[in-house]
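Asker: Below is one structure. I have some questions about it.
The values are calculated or read from the model by the stated rules, or taken from the named source; none is laboratory data. Just so we're clear, the structure is a prediction, and the values are computed from it rather than from any experiment. Positions of Cβ are backbone-derived with ideal geometry, glycine not excepted, and every protein chain shown enters the neighbour counts. The accessibility values were calculated without ligands, DNA or RNA, using every heavy atom of the protein model including side chains. Shrake-Rupley method; radii C 1.70, N 1.55, O 1.52, S 1.80 Å.
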Amino acid sequence: MAPDIEKKIVFFGCLLDSDERYDALQEKLASIERGEPFNDPYRSVLSLVTPELDPDRWESKGLLPVPDWLHPLPPDSSKPRLTSSEIIAFIDRNGCRETAEEAGRFVEEEVFPHIPCLIAVDHCLTGAVYRRVAARHAPEETALVILDSHTDAVP
């Protein structure tokens, strides 16, 4: 049996934002028109959290690739794709599921045996990552913490 290693928190992110609702798309388009700078949630969260952590106890693995037109604030060149029908087509082609499964594979290949910490925009990514954690650890060793910037629970 291999000796236990000292586990660390491994941060990784994904900027998938597949919200097809009219209001969400209008907000993105207005932000592009105003020339707002992109506030990367991954880097923002890391800048708040990591100064409080022992530098030997964490690592950043960066962002999983996602087409830039699906980012929270896409580039100006993406405006023609920012329509409900484009995003629904992405979802219907299993784009969210495939991205989530890629996040799960990433945890298996790049994070384990350490502790994964996913910083993401879209909730759809959580399930595949959690499934990999739950398959590896006993229930009493497993925890899921979700921090959300807004409440979007279904009554």
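Asker: Which condition number does I87 fail, the rest of (1) within 14 Å of G13 (Cα to Cα); (2) open to solvent by less than 30 Å² (accessible area, probe 1.4 Å) being met?
Answerer: (1)
Asker: Among the residues of the stretch 71-125, count how many are in contact with a strand residue (DSSP E or B) (Cβ under 7 Å, 6 or more places away or on another chain) and of a type in the set (D, E, K, R).
Answerer: So the answer is 2.
Asker: Something else: Please find, among E140, E86, E98, the residue that is closer than 23 Å to A30 by Cβ, among the acidic types (D, E) and outside any loop (DSSP other than H, G, I, E, B).
Answerer: Numbers: E140 fails: closer than 23 Å to A30 by Cβ; E98 fails: closer than 23 Å to A30 by Cβ.
Going through E140, E86, E98 in turn, just one is closer than 23 Å to A30 by Cβ, among the acidic types (D, E) and outside any loop (DSSP other than H, G, I, E, B): E86.
Asker: Among the listed residues S18, S47, S77, which satisfies the condition of being more than 26 Å from I91 (Cβ to Cβ), modelled with pLDDT under 95, out of contact with any Ser or Thr (no Cβ under 7 Å at 6 or more places or on another chain) and hydroxyl-bearing (S, T, Y)? Write out each step before concluding.
Answerer: Numbers: S18 fails: more than 26 Å from I91 (Cβ to Cβ); S77 fails: more than 26 Å from I91 (Cβ to Cβ).
The unique qualifying residue is S47.
Asker: When K79 is evaluated against the numbered criteria (1) open to solvent by 70 Å² or more (accessible area, probe 1.4 Å); (2) farther than 28 Å from V107 by Cβ, which criterion, by number, is the only one it fails?
Answerer: Failing condition for K79: (1).
Asker: Just checking, how many residues over the stretch 1-45 are in a helix (DSSP H, G or I), more than 22 Å from the chain's Cα centre (by Cα) and charged (D, E, K, R)?
Answerer: Residues meeting the conditions: 2.
Asker: Next question, about the same structure. Is it true that D68 is of a type in the set (D, E) and out of contact with any strand residue (DSSP E or B) (no Cβ under 9 Å at 6 or more places or on another chain)?
Answerer: Values: of a type in the set (D, E): yes; out of contact with any strand residue (DSSP E or B) (no Cβ under 9 Å at 6 or more places or on another chain): yes.
Spelling it out, D68 is indeed of a type in the set (D, E) and out of contact with any strand residue (DSSP E or B) (no Cβ under 9 Å at 6 or more places or on another chain).
Asker: If you don't mind, another one. Please go through the stretch 29-44 and pick out each residue that is modelled with pLDDT of 90 or more, charged (D, E, K, R) and within 17 Å of A120 (Cβ to Cβ).
Answerer: Correct list: R43 only.
Asker: In addition: Quickly run through the stretch 54-69 and pick out the residues that are in contact (Cβ under 8 Å) with a residue 24 or more places away in the chain and open to solvent by 80 Å² or more (accessible area, probe 1.4 Å).
Answerer: Here is the first cut: in the stretch 54-69, the ones in contact (Cβ under 8 Å) with a residue 24 or more places away in the chain are 56-64, 66.
Once the filter is applied, which keeps residues that are in contact (Cβ under 8 Å) with a residue 24 or more places away in the chain and open to solvent by 80 Å² or more (accessible area, probe 1.4 Å), the stretch 54-69 yields D56, R57.
Asker: Residues in the stretch 41-53: is at least one more than 19 Å from I146 (Cα to Cα) and surrounded by 14 or more Cβ atoms within 10 Å (Cβ to Cβ)?
Answerer: Looking through the stretch 41-53, none of the residues is more than 19 Å from I146 (Cα to Cα) and surrounded by 14 or more Cβ atoms within 10 Å (Cβ to Cβ).
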